[in-house]
Amino acid sequence: MNRIYNWLLATGIFFSVAASAQQNNRLYLQSGTVQTETNLSAFISEGTPSDVFNGYYYRFIQFNEMPNADQQMALRNSGLVIMDYVPKNTFMVAIPLNYDKNKLYAHNVYAVLQQSPTQKISKNIIGGFQDWSINERGTVDLNVQYQGNISHAAAIASALKHGKVLAEESQNRIISLRVSDFSLMSLAAESWVFYVNSIAAPSVKDDTKGRSLHRSNVINSDYASGRHYDGKGVSIAIADDGFVGPHIDFTGRLTNFATGSGPSHGDMTTGICGGAGNLNPAIRGMASGADLYSFNISSYPQVVDAGY
């Protein structure tokens, strides 16, 4: 009996370890899950890559274990440019054309994979484009995110070869591009492209639904027998783009420490926090009785380099 129990236990442990290892060797992309296989030796023996852009080619490098900060620095010191993380244990990496791939043997690499055009395309558009992205006959408006080591100027120059640049946002490496509606795959095949999606849907006003989305309509209800926790006695500090108000919805509850006349973002955030709905009860804020204090945020120093 003990032999049978021990055998079952050992078998269970074996399959558990095998299943865990299989989980670690997966690449979880928005286009689907990829089961990876170790191929470092095959990658090293490959010839000159054909997808070079400005002296680099791009690959997913998956590690047996997630490299720590020191190990990542060693990879960078070897000449690699480590960019976007993808689960599991994987980075998109820019590899110099003359890089000695034998160096990878020292860095616990499990697999090296080239990103396919389909893997770059949002699943939201792989079967067809949304109506809002089609604004000119025969074309589609797309947001194209370029690889992390490419300069904004180089990305713009490459994008112009495919269509008309509508907008650009260098901080998130996004170019809004109007291209032929037949050119999606050829655009995604470009090595400088990391991800392609349609432009954002038109904005929709949700102020009349905001209180229910935040569930504040339950704790500060409109009917007499409901709860009426409106924030009275609570103070809210709001740091934004300048002087708030004056507005009837803040009467008697707003103290401005902010100076200058900023745009209108501060008025919006303050209204969301504590607008009383005096002008229009349908668009009350979350805490319509709270005391409000407005401050300048001065170019958002609190969030600069917050991701590093």
With the condition kept exactly as written, say whether any residue in the stretch 238-246 is outside any loop (DSSP other than H, G, I, E, B), touching an Asp or Glu at 6+ places or on another chain (Cβ under 8 Å) and either aliphatic (A, V, I, L, M) or at pLDDT 85 or above (or both).
-> no
Enumerate the pairs (first residue in the stretch 265-284 and on the phi > 0 side of the Ramachandran plot; second residue anywhere and at pLDDT below 85 and assigned to a helix (DSSP H, G or I)) with beta-carbon separation below 8 Å, excluding pairs fewer than 6 apart on the same chain, so at least 6 apart or on different chains.
-> GLY277/ILE283
(1) surrounded by 13 or more Cβ atoms within 10 Å (Cβ to Cβ); (2) part of a strand (DSSP E or B); (3) of a type in the set (A, V, I, L, M, F, W, C) all hold for ALA258 apart from (2)
Among PHE182, PHE194, which is the only one that is outside the structural domain of MET268 (by TED's automatic domain parsing) and under 23 Å from the mean Cα position of the chain (by Cα)?
-> PHE194
Does the stretch 104-118 hold any residues that are under 18 Å from GLU65 (Cβ atoms) and crowded, with 17+ Cβ neighbours inside 10 Å, and which are they?
-> LEU104, HIS107, VAL109, TYR110, ALA111, VAL112, LEU113
Kindly indicate whether any position in the stretch 168-182 is among the basic types (Lys, Arg) and in contact with a helix residue (DSSP H, G or I) (Cβ under 9 Å, 6 or more places away or on another chain).
-> yes
Out of all the residues in the stretch 139-149, is one or more surrounded by 17 or more Cβ atoms within 10 Å (Cβ to Cβ), closer than 21 Å to LEU29 by Cβ and of a type in the set (Ser, Thr, Tyr)?
-> yes
ILE44 being of a type in the set (A, V, I, L, M) and in contact (Cβ under 8 Å) with a residue 40 or more places away in the chain = yes
Looking at (1) of a type outside the set (S, T, N, Q); (2) part of a strand (DSSP E or B); (3) surrounded by 14 or more Cβ atoms within 10 Å (Cβ to Cβ), which is the only condition ILE44 fails?
-> (2)
Name the one entry in SER212, SER221 that is within 14 Å of GLY285 (Cα to Cα), in contact with a strand residue (DSSP E or B) (Cβ under 8 Å, 6 or more places away or on another chain), surrounded by fewer than 17 Cβ atoms within 10 Å (Cβ to Cβ) and of a type outside the set (A, V, I, L, M, F, W, C).
-> SER221
Quick check: is even one residue across the stretch 194-205 more than 30 Å from ALA159 (Cα to Cα) and either free of Cβ contacts under 8 Å to residues at least 12 places away in the same chain or not in a loop (DSSP other than H, G, I, E, B) (or both)?
-> yes
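For every residue, the table says whether it meets (1) over 29 Å from SER180 (Cα atoms); (2) in the same structural domain as GLU65 (by TED's automatic domain parsing); (3) in contact (Cβ under 8 Å) with a residue 60 or more places away in the chain.
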site	(1), (2), (3)
MET92	no, yes, yes
LEU97	yes, yes, no
ASP100	yes, yes, no
LEU104	yes, yes, yes
VAL109	yes, yes, yes
ASN124	no, no, yes
GLY127	no, no, no
ASN135	no, no, no
VAL144	no, no, no
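The values are calculated or read from the model by the stated rules, or taken from the named source; none is laboratory data. Everything numeric here is computed off the predicted structure, so don't read it as measured data. Cβ atoms come from the backbone with ideal geometry, glycine included; neighbour counts cover every protein chain shown.
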